[in-house]
């Protein structure tokens, strides 16, 4: 992970740590904080706790996003402090709805100059975002919204399994994993498990990203905690709830970062801190599917 | 607001009343919080074949526990289909396949416009809220929208500080004039009453009062002067079975209730 981040993410890079509630690679966010990378343009539909932590650590100067809350719990306090009080630094916001974010990523993947969507009429959202334009459909004359492509410098995708080439297989909630890999300039694939290519080839429908798009492959079990990985471990919801208290004051927030991010040299050290009791509690109870016949 | 002689809370009443809006077989776009509880309650009671669709990509979910957010591994296990978010927004929502969308917000006006973005000025907000997420597109595209919100003069306002999700009349134009495909907010379920959209009045009108709630109590919590239907209906009360499901199965940790 150290190398993947230091070779891909620079001061000022645009970064998209992918994953909609599921498969959010906190391990990558923590490594970015440890490496002290600054002035990032951070892209996510939901910044979630991972960007809240990077914000408090002073890594982010711009955010392109759709919904900045603590999912199922409430507010993101570092985000609110940054916007309301410019603490620890001022951030620029480029705000869409989720549909707008997805559309931007699709345009980036398809290398089109814009993506049309039927949205935003009768709202204030375009007032604060000059990247949301109105276009007239050349066939029907209908007014539609259009957004430009989003092509992040680095996209970080977590998945259940990948081979050494980065052919990545994921199941459960996908977010925008497939599209974002094609939109990105560099792709880091992080996997719970590294498998032989034959495992990937035995179930090709499950592959979300082909290895030829991938610049780095990282093996990082438990890399998503407190987010979840279907079939591996559950969301640590108690942590998301506790986060509301931890993050409310800058002091308790700093203590958390000192202990669980800066105080851990890597993910192994983090999981040791998590402890086996919590890991046992979160480990998924197996639900195997029957499998399909790819014969011809 | 909990009164001594009632065996249920206002939140439980809201969840139960919201669940009644859902018919068996409806295709519902489910949101975080109380709507999540209401949809899962409907599925456990009168609408077993409700299609629960979550913006995270779960289609036909049958969660075995109350999902803690709109993205939860329990939404995947046993679902009919899992799709990418571009499919959810483009094919399911923009494609007009969603019959009912649930929304809430920090502010609402009498037209059903919702604000989940900022209190105060956008550039210098008093309170910075999470933003749209999928709310704007749900308000635009769902065939009809149900809103679930607790009443207070701060949240039921004459004018929203910011319109995140369009209601039935916004920024000087009707939905039709804006070309918005869905029918917009139809029912507003609060902790005191139910309001229904009235084309004739051009605003939400109070159509049901909860037990022991007076018109004055509703007026005191509403930032505009609410209109009342000539004859308000009785909203009913939660049954023992509904309360047991809510307390023991759907939200035993009382995250939302």
Exercise. Tell me, please, whether a residue that is more than 10 Å from every other protein chain (Cβ to nearest Cβ) and touching a residue at least 24 places away in the same chain (Cβ under 8 Å) can be found in segment B:125-132.
Key: no
Practice problem: Collect the residues in segment A:182-203 that are out of contact with any helix residue (DSSP H, G or I) (no Cβ under 6 Å at 6 or more places or on another chain) and surrounded by 18 or more Cβ atoms within 10 Å (Cβ to Cβ), keeping them in residue-number order. | Solution: A:184, A:189, A:190, A:191, A:192, A:200
Practice problem: Among the residues of segment B:188-225, write down those that are closer than 25 Å to residue A:123 by Cβ and surrounded by fewer than 22 Cβ atoms within 10 Å (Cβ to Cβ). | Solution: B:196, B:198, B:199, B:201, B:202, B:203, B:205, B:223, B:224
Quiz item: So which residues in segment A:1-34 are in a loop (DSSP other than H, G, I, E, B), closer than 15 Å to residue A:150 by Cβ and within 14 Å of chain B (Cβ to nearest Cβ)?
Solution: A:18
Exercise. Would you be able to say whether some residue in segment B:27-44 is more than 13 Å from every other protein chain (Cβ to nearest Cβ) and in a loop (DSSP other than H, G, I, E, B)?
Key: no
Exercise. Tell me which residues, restricted to segment A:35-49, are away from every other protein chain (no Cβ under 14 Å), in contact with a strand residue (DSSP E or B) (Cβ under 8 Å, 6 or more places away or on another chain) and not in a strand (DSSP E or B).
Key: A:38, A:39
Practice problem: For residues that are out of contact with any helix residue (DSSP H, G or I) (no Cβ under 8 Å at 6 or more places or on another chain), within 17 Å of residue A:206 (Cα to Cα) and surrounded by 10 or more Cβ atoms within 10 Å (Cβ to Cβ), tally how many sit in segment A:277-296. | Solution: 1
Quiz item: Taking segment B:79-104 as the region of interest, how many residues are closer than 13 Å to residue A:175 by Cα and outside any helix (DSSP H, G or I)?
Solution: 3
Quiz prompt | Residues (in a strand (DSSP E or B) and over 24 Å from residue B:11 (Cα atoms)) located in segment B:153-182 | solution = B:169, B:170, B:173, B:174
Practice problem: Could you tell me which numbered condition residue B:100 fails, if it satisfies all but one of (1) crowded, with 22+ Cβ neighbours inside 10 Å; (2) under 20 Å from residue B:256 (Cα atoms); (3) more than 10 Å from every other protein chain (Cβ to nearest Cβ)? | Solution: (2)
Quiz item: Restricting attention to segment A:50-81, which residues are facing chain B (nearest Cβ under 9 Å) and either at pLDDT 95 or above or surrounded by 24 or more Cβ atoms within 10 Å (Cβ to Cβ) (or both)?
Solution: A:65, A:66, A:67, A:68, A:71, A:76, A:79
Quiz item: Where in segment A:139-252 are there helices (runs of 4 or more DSSP H), lying fully within it, with 2 or more residues that are under 20 Å from the mean Cα position of the chain (by Cα) and closer than 27 Å to residue B:89 by Cα?
Solution: A:177-183, A:237-246
Quiz item: Is there a residue in segment B:75-85 that is out of contact with any strand residue (DSSP E or B) (no Cβ under 7 Å at 6 or more places or on another chain) and buried (at least 24 other Cβ atoms within 10 Å of the Cβ)?
Solution: yes
Practice problem: Specify the residue that is modelled with the highest pLDDT; the eligible residues are those in segment B:226-257 that are part of a loop (DSSP other than H, G, I, E, B) and surrounded by fewer than 12 Cβ atoms within 10 Å (Cβ to Cβ). | Solution: B:254
Exercise. Please indicate, with yes or no, whether at least one residue in segment B:210-225 is within 20 Å of residue B:21 (Cβ to Cβ) and part of a strand (DSSP E or B).
Key: no
Quiz item: What is the one condition in (1) surrounded by fewer than 18 Cβ atoms within 10 Å (Cβ to Cβ); (2) more than 30 Å from residue A:296 (Cβ to Cβ) that residue A:206 does not satisfy?
Solution: (2)
Self-check item: Count of segment A:50-59 residues which are touching a strand residue (DSSP E or B) at 6+ places or on another chain (Cβ under 6 Å) and in a loop (DSSP other than H, G, I, E, B)
Solution: 1
Quiz item: When segment B:221-238 is examined, which residues are found to be in contact (Cβ under 8 Å) with a residue 60 or more places away in the chain and over 16 Å from residue B:34 (Cα atoms)?
Solution: B:221, B:222, B:223, B:224, B:226, B:235, B:236, B:237
Practice problem: Identify all residues within segment B:153-182 that are away from chain A (no Cβ under 14 Å) and touching a strand residue (DSSP E or B) at 6+ places or on another chain (Cβ under 7 Å); write none if there are none. | Solution: B:155, B:156, B:157
Exercise. Please list, ordered by first then second residue, the pairs with beta carbon atoms under 8 Å, 6 or more apart or interchain, first in segment A:116-130 and more than 7 Å from chain B (Cβ to nearest Cβ), second in a loop (DSSP other than H, G, I, E, B) and crowded, with 17+ Cβ neighbours inside 10 Å.
Key: A:126/A:120; A:126/A:132; A:129/A:96
Practice problem: Can you confirm whether segment A:94-109 contains a residue that is free of Cβ contacts under 8 Å to residues at least 12 places away in the same chain, within 12 Å of chain B (Cβ to nearest Cβ), surrounded by fewer than 24 Cβ atoms within 10 Å (Cβ to Cβ) and in a helix (DSSP H, G or I)? | Solution: no
Exercise. Only residues that are in contact with a helix residue (DSSP H, G or I) (Cβ under 8 Å, 6 or more places away or on another chain) and either within 7 Å of chain A (Cβ to nearest Cβ) or part of a strand (DSSP E or B) (or both): list them for segment B:133-152, please.
Key: B:133, B:134, B:136, B:137, B:145, B:146, B:148
Quiz prompt | Scan of segment A:261-276 for residues that are within 17 Å of residue A:235 (Cβ to Cβ) and either free of Cβ contacts under 8 Å to residues at least 40 places away in the same chain or in contact with a helix residue (DSSP H, G or I) (Cβ under 8 Å, 6 or more places away or on another chain) (or both), ordered by number | solution = A:270, A:271
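The values are calculated or read from the model by the stated rules, or taken from the named source; none is laboratory data. Computed from a prediction, not measured in an experiment: that's the story for all the values here. Ideal geometry is used to build each Cβ from the backbone, glycine not excepted, and the neighbour counts take in all protein chains shown.
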